[in-house]
Amino acid sequence: TRNRFIRPLPRDTTSGSQEDLIQRDLYDIPRVCSAIQNEWKVEKAAKSLNRLTAYHLSRCLRQRLEGHLNGTITHPQSIDILLTGCEVSLWLAEQFASDLQKSFPRLRVKALSSNKLLGLYGQEIAPVPCFGFPDAPETHHELHDTIVLIVSHSGGTFAPLSCSNLLQSKTKNLFVITSEWDTQIGKQLRAMDAMDEEIEEDRPQVHHMLSSRIFSTEIGIRPAEPCSLSVVATHQLLTNLFSYISVILLSDARYRQYTCPTISEYDLQILEKCNERNIDALCEIVSASLAGEAYLDGDLSETTVALIKAGNLWAEHVLENAKAYIITFVYIFGTVISGYPLVYGIAVAAGLSKSTNSDWMIYLIRLFDAAIYFWMPQINIILLRLIQRRNLRHRMVGRTVVIADIPWVAQAGEAFLSKIFACSYSIAGLNVLSGNPADHFVHR
């Protein structure tokens, strides 16, 4: 298509192509993050649609702050910035809300699940109670003119899409963070300005441009089921948006005094430097260039080589039960069909005759062969570990991967790995657990 707002469909990988969709997403991470960062640079501001949307958001934020300063916003439950989404998008939004709230304590920032918002505000007869959560019809937050950021990679998930329509009756300051400009939520938000009766008749297109509501990572549709590139791209965009909002609040003395920031300009400089150096680190981790091309085997970084080595070791741990099962299958069928179990076959080769009068010897040999049949899986595992030079003292049980990190990283990592093994057989699969090492992970 010639429309720059519509992303082309990905290449067809269903007929004859052996491309790994998950690997393709990983290779694209440095390229996408670099492109998002470049859009937020000063020299690209005039051409960046994300910066145009950020300008609209800054106007809405300034209006909120002016309302606090002049006393027009007095409701104790009034929310300044509300973020909403589902699953991975919600986890990213929660971390963004946490960082922004800690950096500006008096700025009221909250992240809520889109399903909870629909339960509270989307029922005409009676709202659906959210048990175990403080939000209820009697304690609901004031959302009049609240800045709402809807985080949805696809831009068409049911709950965020419904919220984009539902919340229009409460606030006009709606924005979406998505994978491209042409999405269902983007269509809903663009329709807001088309129906707005206050559009300037002499310059309607200018009004529409300055009222842009769509932040886009520009990665389009990603067919791979596990979320990797979409999570990293959304996090990168939220990082740039956090810096942009922080600059706005720190650049005005009145806003600074009201929000009581715990972050300084120097902190933002450090964040920007880490943000830029992160691109080099990503290239080193995934061994791909900024063009999304994989490095040749001889050009792999030390980090990638170490990761592959650790991955191969983990794979041997996971697959040892399946390999032991196959060896056991071959041994049982081979010895039963031939009639020569291991110990009995050795005894016959050593000169034992079936016509011997030593019945006790025959029974003893059968006892050893029966023991081998019974412990064959464990014996095979020990043999595999000896051949592969792995630790013999590891437990012979199902494998579990435990991810300990801050909430959104642990949850996203668990979701990614769980979906990779979603269709694997239980004998060749693994269990995935995650937790915050500073909180409930210790007790789990």
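The values are calculated or read from the model by the stated rules, or taken from the named source; none is laboratory data. Computed from a predicted model, the values in this text were never measured in an experiment. Methodologically, a virtual Cβ is constructed for each residue, glycine included, from the backbone with ideal geometry; neighbour enumeration extends over all protein chains shown. In case anyone asks, the SASA skips ligands and DNA or RNA and just uses the protein heavy atoms, side chains included. Shrake-Rupley method; radii C 1.70, N 1.55, O 1.52, S 1.80 Å.
The magnitude of the dipole of the chain, with charges of +1 and -1 set on the Cβ of Lys/Arg and Asp/Glu and taken from the Cα centre, is near 940 debye. For Cys274, the accessible surface of its heavy atoms amounts to roughly 80 Å² (probe 1.4 Å, protein chains only, rounded to the nearest 10).
Checking the Cα-Cα distances for Lys47/Lys172; Lys116/Lys309; Lys172/Lys419; Lys44/Lys116 against a 32 Å cut-off, the pairs over it are Lys116/Lys309; Lys172/Lys419; Lys44/Lys116.
For Thr171, Thr72, write out the residues from largest to smallest accessible area, computed with a 1.4 angstrom probe and no ligands counted.
Solvent-accessible surface, decreasing: Thr72, Thr171.
For the chain, adding -39500 (n - 2.57) for each run of n ≥ 4 DSSP H residues and dividing by the number of residues yields -17500 deg cm²/dmol at 222 nm.
Between exposed GluC sites (Glu not before Pro) in the chain, where DSSP calls loop and at most 16 other Cβ atoms lie within 10 Å, what's the longest gap?
294-444
Express the Stokes-Einstein translational diffusion coefficient of the chain in µm² s⁻¹, to the nearest whole number, given a Kirkwood radius over alpha-carbon pairs, 10 °C and a viscosity of 1.306 mPa s. In µm²/s, the coefficient is 61. Rolled with a 1.4 Å probe across the full set of protein chains, the surface gives Phe158 an accessible area near 150 Å².
The stretch 30-72 and the stretch 236-266 have Cα centres lying 12 Å from one another. Split the accessible area of the chain by element, probe 1.4 Å, and carbon with sulfur accounts for 58%. Report, for the chain, the % of DSSP beta bridges that are antiparallel, rounded to 5. About 5 percent, rounded to the nearest 5. Sorting Arg277, Arg213 on solvent-accessible area from highest to lowest, probe radius 1.4 Å, gives Arg277, Arg213. Expressed per residue, the C-alpha convex hull volume of the stretch 242-311 stands at 118 Å³.
Screening the chain for DSSP H helices whose Cα atoms reach 18 Å or more along their own axis and whose mean Kyte hydropathy is at least -0.5 gives 21-39, 87-103, 229-251, 265-286, 302-338, 359-388, 407-420. Listed by chain and number, the lysines placed with their C-alpha closer than 16 angstrom to that of Lys102 are Lys110; residues fewer than eight positions away on the same chain are left out.
Taking all protein chains together, Ser164, Ser301 sort by accessible area into Ser301, Ser164, largest first [probe 1.4 Å]. A 1.4 Å probe run over the protein chains yields, for the chain, 58 Å² of accessible area per residue, whole-number rounding. Mind telling me which of Gly155, Gly334, Gly413 comes out most flexible in a GNM of the chain, alpha-carbon contacts under 10 Å? Highest fluctuation among the options: Gly334.
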